[in-house]
Each structure stands twice: as structure tokens, then as C-alpha cells.
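Comments concern the structure below.
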Amino acid sequence: MKIEQQLAASVSAALHHLYGQEVAADTIQLQKTKREFEGHLTLVVFPYLKMSRKKPEDTAQEIGQYLMDNSGMVAAFNVVKGFLNLTIASDCWVALLGDINADARYGLTAPTESSPLVMIEYSSPNTNKPLHLGHVRNNLLGWAIAQIAEANGNRVVKTNIVNDRGIHICKSMLAWQKFGNGETPASSGKKGDHLIGDYYVAFDKAYRQQVAELQAQFIAEGMDEEAAHNRAKAEAPLIVEAHEMLVKWEQGDEEVRALWRKMNEWVYEGFDETYKALGVGFDKIYYESDTYLEGRELVLEGLEKGLFHRKEDGSVWADLTDKGLDEKLLLRADGTSVYMTQDIGTAKMRYADFPIDKMVYVVGNEQNYHFQVLSILLDELGFAWGKDLVHFSYGMVELPNGKMKSREGTVVDADDLVAEMVRQARLTADEAGKFADMPEQERNEVARIVGMGALKYFLLKVDARKNMLFNPEESIDFNGNTGPFIQYTYARIRSILRKAADTGLDYRHLPAAVPALSTKEEEIVARVAEFAAVVRQAGQDYSPSVIANYCYDLTKEYNQFYHDYSVLREEDEAKRQFRLVLSANVAKVIRLGMSLLGIEMPERM
């Protein structure tokens, strides 16, 4: 914050003048004055008592008086024991707002060609089912972290790894072959990912029936229940056929591969629609069907170098017991890959494609151990960023029981959730009369913006490490800590500015002279100025919630100001123009902050 930097320099000068000591300005710490005391910033004087050789109160009094006499920044001060509370002059707040007003992208740092390259992986879907609520949180977190990283001056590559191979994929393929009768997305009117998901469910239903029948048969033959169940699961015809299909896929059987490509394309088209609705995207997509072989080669190279070892059954393992962990399977006895192998292969391909400085994986907290191990293995295999990879570990999200259950009946479908949020936004706005003067097309567009804003904000305002309960109805509320509350305030400010422009009032430039500001006006300038530090903190902590809650706090303070002070109706011309400029910059910072979260802001509501 510029005021803090300037004031720290003045304090440094005061210490030199009063006590003959050189204290670097960047070591002087100022903190916001507590609400129960008068002032904006507080200097704790205890670190300077050895040089002053005086009581804390006397030292604070001397420094405060020097600042009053020699710095135009300080309008008043008071001393509470060893705390010097400083009131910043009104002109300083006006000058600070002028600096913010001149910067269209205040608080954001543009990357350069030499900026660090940060790669961020998120989404990671399977091609046997549509995206669900868990994917929604993952995608929104990944996108926000990428935007925040770029706003902190990093070059960013957004990546996705699609799990497009394995037994789960073969289950959908086999079910389609047996039960599909040639059904396609076009013939059924379903999105491709939903169609494939239906066949995954169909496989499971038929498989369970076969297992139950076989289990009953084995029990009748004298086998105990647990043994009968396990044998039935392994010998049910459907699972046997699915494994046979997987073997054919691994061997490159053209008929199986052709079916696999066709059905995956249906899924990708469906995924793309969902990603578009969520407002997210990727710079590079990797596929497990490509990366698992790369990983296998790396593991075998590591085996030759003595990094890993092979057991009697032929499986390959990494022994991490010397690091306080256990042994980790890398290749099965039959030579097939596991997820760890795939992640190692993906890392190799990414490192070949991009000069990565930092790798961030956005993956749920159930994979904490996996990424702890992956970091160690990548480091041992020679990837420079492996040791310092970041696992952005987040908690699970659930809906209240019975809310918007998916067609599978077990998870919440992402497309259903998006549609319901937009529908609920339209219903809530219509009931509140907020769309009364809008044409139908605009109503639908604003409902989309508000519905998606409600969904994104509600999921992002919570500390990502925590599990959370998402309540769709609560998220749409136009009051409280919600996306629509912030969007409505933004739209209100934009309405004020349009009215100002229509009457010829200037809201782009500060007046030549500004009367003394009210305490509330100073507080809002200070709050707006904090945005740059908030963006830095969000980047350092990988925390979108920091920005979300900052935007809410700023919105809440502006609404209090708007309730207590006139803007367009202010009779004093200079005050009116200042308040218009202040309002415009509040709107600007809200828009910039919410855009980092992937949230659009409507011009009117």
C-alpha cells in the first residue's frame, strides 16, 4: 500500500533525526489501527526503546510530534501506552484514489516473457460418465487458481489429464455393444457424456444381477457367503468379457479401438459443453492412453538404475520406507500400469512440452498420500520441479439430501446443477421484480450470469481445504455473503455511473480540489487499496476464498456508504465528483476480483 510505504519512510527519518539511528523503511511495520481507537495506522514503538532510552509513551509522543511537524501525511495522532495511532491526512487518501483510478488493472501484475511458468492441472475426468458436483468444485478452483497465478505475474499453462483407458471405460463400451442397439447422441437427443454414463450404469445393474444369481448358486453348492460373493464378482460373464475387451484394447485390437475412439468422441463433445457452461478451459489436454506407456518406460528405466525393485511375481515397487512411508506399486505383475505410473508419464510429457518452474495439481484431499509419493518419485527420476510440486488439496462438497440428484441417483450431475442454478436465479429475480424492465433475451442472459455467479461464489468463498455443504437456494440470496449480492451492488454502481454520464457528470477524473473526506470515505479508499495485497496473498496461499471474501467485505462497506451518503444528489460539486470516482473504482475492483474467480458481472439487474 503506497501510504504505508510513504509513512514508513517518514518514521525512518524520524528515528534518524530523534535518536541518530538508521532504520531501513522496509523493516518498519505498520498495522491497521484497531476499531476501538482513533486513527488509520498504528506504529508499535517497543522495538525503538533501546535507541530512545525513554518510556514507551514518551517515545511514541516524540515520534508522533515529529511526524505531525515534518510529514504532511499525518493529520493527528494519539498514544496508547507503546502504540502510536496515526490519522492519515485527507489529501493522502485522495491522492491514493487518484493512483488507483489511473490504473485500469489495479492490483494485477502482467506476466512477461521471463516470468516463471506455472502449470496447473485440474478437472481430470473419466470418459465413462458425465462431470458431477465434485468436478464442478475442482474445475472452478483450478480456473480461479490459474487466474490468480497469472494476476501475480506468472505465465500459466492450464492442463487437464483425461482418464480415457481402463476397465471402467470397457464397461461402458461393452454395455453399449450389448444393450445399445446403435444408439447415438444424435438419435437419443442426449449429450454424449450422459449417454455413455447411462451405459456405465446399465453395465453395473446387469453385473450386480449376474453376481447375485451366481452367488446364490455357489451358496447352494455349499460355499460360504463371503467366498461365494467374491467368486461371483470375479466370474460373472460381464466382468469377464470386460477384462477380455481391456486386453484387446491393450493389444491394439482395431475393432475395440475404433469403438473406443467413437464413444470417447461423444464424451468429449459432452464435456466441452459443460466446460463452456462453467466458463473454464485448458491450454493443453493430456490423455492417459498416451501417458501410461511413457510412465511405464520411466519406471523400467528407474528399475535399471536401481531406484526401484522387482518382486518375485514380476511387479515393480518403490521402497519409500527410509522416508517414513511404505512401498508403492508402480507396475503390476502382468506389466500393466497404475495411476502413479500414469502420473509419472504425464509429468515426462509435460516437462518435454513446457519449461515448467512450478507444477500445481488441483486434486481432492483423498489423494494427499498419492501426491506425497509422486513428489518423491519425480524428484528421484530427475524432474527439477518434482520436489516442489504443489498438491492443492481440497475438501469434498455435497448437497442437502434429495437436492437435484442425477439420473444415476448417486451423484449430482454437473449439467443438472448448472441448469437448476440458472432456473433458480430467474425464478428468484422474477419474484423480486428485478427483471421487470428487461426484454426476455436480457432476462435469460442475466439469469445465467447470476445463477453461475451464485454457484461459483458459494463454492469458492469457503476455504478450499474444508469439506462443505452447498445449498443452492441459499447461494441465490440477494442479501448476505453471496455472489448475487455482490453482482447486484456492482450493477447498482454501474447504474449510478450511467445516470451520471447521461447528465454530463464526470466520474473518470478527480476534481481539482476535494473537501475533507468523511471517515467512511477514507475507509473505502483504504479498502479498495488493499486489493493489490489481497491478490498477492491469494497467490501465495493458493486461496481463491481470500479474494471472494474481500469482494464481499468491500461490497458491504460500499452499501453502508451508499445508505449514509448521497452520490448523485450531493449538492457540493467536488464531493459529488469524488464520490462518483470512488464508486467507479469500487466497481472496477469488484469486477477485477470477481473475474479472477471466473464470475461475470451484469451491467444491470
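The values are calculated or read from the model by the stated rules, or taken from the named source; none is laboratory data. Quantities reported herein were computed from a predicted structural model and do not represent experimental measurements. Glycine also receives a Cβ, built like all others from the backbone with ideal geometry; neighbour counts cover every protein chain displayed. Accessible surface is based on the protein model in full, side chains and every heavy atom, while ligands, DNA and RNA are left aside. Shrake-Rupley method; radii C 1.70, N 1.55, O 1.52, S 1.80 Å.
Taking just the alpha-carbon atoms of the range 1-88, what radius of gyration and Dmax come out, in angstrom?
Spelled out, the Cα radius of gyration and Dmax of the range 1-88 are 11.5, 34 Å.
What list of ³J(HN,Hα) values in whole Hz, one per residue of the range 71-81 in order, does the Karplus curve 6.51 cos²θ - 1.76 cosθ + 1.60 (θ = phi - 60°) give from phi, with Gly and Pro shown as x?
Result, ordered by residue: 10, x, 7, 9, 8, 6, 8, 8, 10, 10, 6 Hz.
Per residue and in Å³, how big is the convex hull formed by the alpha-carbon atoms of the range 301-379? Numbers along the way, then the final one.
Values: hull volume 9.2 nm³, N = 79.
Enclosed volume per residue, from the Cα hull, is 117 Å³.
Mind checking which aspartates and glutamates have their C-alpha under 16 Å from residue 190, skipping anything on the same chain fewer than 8 residues away?
Hits, sequence-local ones excluded: 198, 265, 269, 272, 273, 408, 413, 415, 416.
In percent, how large is the relative contact order of the chain, given Cα pairs closer than 8 Å and 6 or more residues apart? Provide the component values of the computation, followed by the final result.
Numbers: 952 pairs, mean separation 84.9, N = 605.
In percent, rounded to a whole number, it is 14.
Run lengths n ≥ 4 of DSSP H only: what is the helix-derived mean residue ellipticity at 222 nm for the chain, with -39500 (n - 2.57) per run over all residues, to the nearest 500? Before the final figure, lay out the partial values.
Numbers: 22 runs with 340 residues, N = 605.
Helices in the chain give a 222 nm mean residue ellipticity of -18500 deg cm²/dmol.
Hey, if you put +1 on the Cβ of every Lys and Arg and -1 on every Asp and Glu Cβ in the chain, which of 472, 258, 74 ends up farthest toward the positive end of that dipole?
Of 472, 258, 74, it is 74.
Using only the Cα atoms, what convex hull volume per residue in Å³ does the range 207-341 have? Each step should come with its number before you reach the end.
Numbers: hull volume 29.8 nm³, N = 135.
Hull volume over Cα atoms, normalised by residue count, gives 220 Å³.
Under the √(5λ) rule applied to the eigenvalues of the Cα gyration tensor, what semi-axes describe the equivalent ellipsoid of the range 153-251? Give them in Å, descending.
They are 34, 19, 13 Å, listed from largest to smallest.
Setting aside same-chain residues fewer than 8 positions from residue 311, which aspartates and glutamates have a Cα under 19 Å from its Cα?
Counting by Cα, and skipping residues close in sequence, residue 311 has these aspartates and glutamates nearby: 297, 301, 319, 322, 326, 327, 334.
Could you give each residue of the range 580-589 its phi-based ³J(HN,Hα) in whole Hz, using Karplus coefficients 6.51, -1.76, 1.60 with θ = phi - 60°, and x for Gly or Pro?
The phi angles translate into 5, 5, 4, 4, 4, 7, 4, 4, 4, 5 Hz.
DSSP beta bridges in the chain, what fraction antiparallel, as a percent rounded to 5? Display every interim value, and only then the final one.
On the way: 21 of 43 bridges.
Expressed as a percentage, antiparallel bridges in the chain total about 50.
Hey, how many Å between the Cα centroid of the range 463-516 and the Cα centroid of the range 358-395?
So the two Cα centres are separated by 38 Å.
Would you mind classifying the range 196-254 by shape? Square roots of the alpha carbon gyration tensor eigenvalues, ordered a ≥ b ≥ c; an a/c under 1.5 is rounded, otherwise it is prolate if a/b is larger than b/c and oblate if not. Could you put the intermediate results ahead of the total?
Details: a/c = 3.85, a/b = 1.81, b/c = 2.12.
Taking the square roots of the gyration eigenvalues as a ≥ b ≥ c, the range 196-254 is oblate.
Just how much of residue 266 is accessible, in Å², when a 1.4 Å probe is used and the result is rounded to the nearest 10?
Solvent-accessible area, nearest 10 Å²: 30 Å².
Among residues other than residue 332 whose Cβ falls under 15 Å from its Cβ, what is the net charge (Lys/Arg +1, Asp/Glu -1)? Before the final figure, lay out each step's value.
On the way: positive: 165, 296, 310, 311, 328; negative: 250, 312, 313, 327, 334.
Value of the local net charge: 0.
Please list, in chain and number order, the residues 5+ apart from residue 286 or on another chain whose amide H is under 5 Å from its amide H, with Hs placed from the backbone.
160, 161, 162
Going by amide H atoms built from the backbone, whose H comes under 5 Å of the H on residue 88, apart from near neighbours?
Here 40, 41, 75 satisfy the definition.
Under 5 Å between amide hydrogens, which residues at least 5 positions from residue 397 or on another chain qualify, with H placed 1.01 Å from N in the peptide plane?
468
Highest first, please rank the peptides 315-323, 344-352 by the mean number of other Cβ atoms sitting within 10 Å of their residues.
On the way: 315-323: 14.4, 344-352: 20.0.
For the peptides 315-323, 344-352, the packing ranking is 344-352, 315-323.
Give me the percent of Cα-Cα pairs in the range 514-605 that sit more than 15 Å apart, rounded to a whole number.
Numbers: 2558 of 4186 pairs.
Of all Cα-Cα distances in the range 514-605, 61 percent exceed 15 Å.
For residue 558, what charge total do you get from the other residues with a beta carbon under 14 Å from its beta carbon, if Lys and Arg give +1 and Asp and Glu give -1? It would help to have the intermediate numbers written out before the result.
Working: positive: 492, 494, 520, 527, 556, 579, 588, 591; negative: 521, 522, 523, 530, 553, 557, 564.
So the environment of residue 558 carries a net charge of +1.
In the neighborhood of residue 227, defined by Cβ-to-Cβ distances under 15 Å, what is the net charge if each Lys or Arg adds +1 and each Asp or Glu adds -1?
On the way: positive: 231, 233; negative: 221, 224, 225, 226, 235.
In short, -3.
Write down, largest first, the equivalent ellipsoid semi-axes of the range 505-568 in whole Å, where each equals the square root of 5 times an eigenvalue of the alpha-carbon gyration tensor.
On the way: eigenvalues 147, 39, 21 Å².
Taking √(5λ) for each eigenvalue gives 27, 14, 10 Å, largest first.
From the phi of every residue in the range 15-22, what ³J(HN,Hα) in whole Hz does the Karplus formula 6.51 cos²θ - 1.76 cosθ + 1.60 yield, where θ is phi - 60° and glycine or proline is x?
5, 5, 5, 6, 10, x, 10, 8
How about residue 323: which aspartates and glutamates have a C-alpha closer than 18 Å to its C-alpha, ignoring those fewer than 8 places off in the same chain?
Here the aspartates and glutamates satisfying the reach criterion relative to residue 323 are 379, 380, 388.
Rounded to whole Å and sorted largest first, list the principal axis extents of the Cα atoms in the chain.
The Cα atoms of the chain stretch 97, 64, 47 Å along the principal axes, largest first.
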